[in-house]
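Report on the structure given below.
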């Protein structure tokens, strides 16, 4: 199934197809083939012909358990539910290498979008990690000062209360009083 011109290629289309498996951002062979405008079978065949270019950190085969989870979580992969062959997952480097073995103008053009999508997702993950670090630091600072803050607020509340001035008694006083 070849996508129509303009149907894919927008960066958010590629972003939506990148998923996390085994702690890595990957794109499945069906999505990658669709992006590159080639049948999945042709993509996988080109990869098999150039297997030396695809070490384990460039691509790996998805297990049945991983596939079930991915199909459940990603609507665009629902057609893989009854697939007899588990798909291949391509990392950022594998997706770029796939464009070079396909060697079509569409694959080269789309590899630029794929690279940009992976870079953008990496930046988002890095930003979230930095925010998490800052939040943890702030939490440690505040948690360590809880007792001191309570004591300070108690003192401030005490200062806000009007001072109690002993009242003079009204009435007759004896010398003994």
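The values are calculated or read from the model by the stated rules, or taken from the named source; none is laboratory data. This structure is a prediction, so every number in the text was calculated from the model and none was measured. As a convention, Cβ positions derive from the backbone with ideal geometry for all residues, glycine included, and neighbour counts pool all protein chains shown.
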Could you grab the pairs with beta carbons closer than 6 Å, sequence gap of 6+ or different chains, first residue in the stretch 41-53 and surrounded by 10 or more Cβ atoms within 10 Å (Cβ to Cβ), second one in a loop (DSSP other than H, G, I, E, B) and modelled with pLDDT under 90? 47/54
Keeping to the stretch 50-81, report how many residues are assigned to a helix (DSSP H, G or I), farther than 23 Å from residue 106 by Cβ and at pLDDT below 80. 9
Starting from residues that are over 13 Å from residue 107 (Cβ atoms) and not in a helix (DSSP H, G or I), keep the ones in the stretch 21-49 and report whichever is farthest from the chain's Cα centre (by Cα). 28
